[in-house]
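Scroll down for the structure; my scribbles are underneath it.
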Amino acid sequence: MRRTIARTVTGVAIVAGLVAACGSEGENGAAGSSGTNGTASSAAGAPSSGAPASSGTGTGDAGQAGGEAAQKVTAAIQQALQQSPITFTTESAELSEKSKTALGEIAKAMQGNDVKIAVATHAGYPDAEKSKALSEKRAEAITAALEAAGVAKDRVKTEATGNEKAQGDKALDTQITVAQ
């Protein structure tokens, strides 16, 4: 229950940030870059920082078109993760069929634009090396699933954090955001 509420609050905060970012565009339509750092780790901190990690635009598009593509992908990410969060069972890097379906929906939204995404994976072992290795395997599994769905590997930035940023049940979750 708490996890669902936290995800909903995170989604609302990201959408609100996107709306605010759209309003901060200059006269020429180019989106400002303030508040975006392009890292997946900021997804967890987005609601508290007030600066959404997903307000960046696609790297090849300029102005409004890039912002619209980023918004479309962000909305698809939020919807897909609400329906089926990308989680892993303890000691596993295997994606469930639901997770693969969610990643497929994200991949569909990424077609026809050059928006890049950031994926942060975790593993909560006390042993830092073991956590890092499993976290990397989880990131590879997600990248492979997105690649199989037609997303070029260079459009997926991964951050395998091991046990640095998440412990316990939180280490089973994956964050996906639009990257700059």
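The values are calculated or read from the model by the stated rules, or taken from the named source; none is laboratory data. No experiment lies behind these values; they were computed from the predicted model shown. Cβ: placed from backbone, ideal geometry, glycine included. Neighbour counts: every protein chain shown.
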Margin query: Name the single residue that is surrounded by the fewest Cβ atoms within 10 Å (Cβ to Cβ) among those in the range 100-122 being in contact with a Gly (Cβ under 6 Å, 6 or more places away or on another chain) and not acidic (Asp, Glu).
Written below: Asn113
Check: Are any residues in the range 54-80 part of a helix (DSSP H, G or I) and either charged (D, E, K, R) or at pLDDT below 50 (or both), and if so, which ones?
Finding: Glu68, Lys72
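Against the condition surrounded by 19 or more Cβ atoms within 10 Å (Cβ to Cβ), basic (Lys, Arg) and in contact with a Lys or Arg (Cβ under 6 Å, 6 or more places away or on another chain), how does Arg138 come out, does it pass?
When the stated conditions are applied, Arg138 does not pass them.
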Check: Which of the residues spanning the range 154-180 are outside any loop (DSSP other than H, G, I, E, B), basic (Lys, Arg) and at pLDDT below 95?
Finding: Lys170
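Mind checking which residues of the range 159-179 are farther than 19 Å from Glu105 by Cβ and either touching a residue at least 60 places away in the same chain (Cβ under 8 Å) or among the hydrophobic types (A, V, I, L, M, F, W, C) (or both)?
Glu159, Ala160, Thr161, Lys165, Ala166, Asp169, Ala171, Leu172
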Next item on the list: Hey, could you check the range 81-99 for residues that are touching a Ser or Thr at 6+ places or on another chain (Cβ under 7 Å) and either part of a helix (DSSP H, G or I) or among the acidic types (Asp, Glu) (or both) and say which is farthest from Ala144 (Cα to Cα)?
Entry: Lys98
Note to self: List pairs: first residue in the range 92-103 and in contact (Cβ under 8 Å) with a residue 12 or more places away in the chain, second residue among the polar types (S, T, N, Q) and surrounded by 15 or more Cβ atoms within 10 Å (Cβ to Cβ) anywhere in the structure, Cβ distance under 6 angstrom, at least six positions apart or on different chains.
What the structure shows: Lys98/Ser84; Ala102/Ser84
Checklist line | All positions within the range 100-151 that are under 20 Å from Ala75 (Cα atoms) and in a loop (DSSP other than H, G, I, E, B) | finding: Met110, Gln111, Gly112, Asn113, Asp114, Val115, Ala149, Gly150, Val151
Check: Would you pick out the residues in the range 112-138 that are polar (S, T, N, Q) and either modelled with pLDDT of 95 or more or under 16 Å from the mean Cα position of the chain (by Cα) (or both)?
Finding: Thr121, Ser135
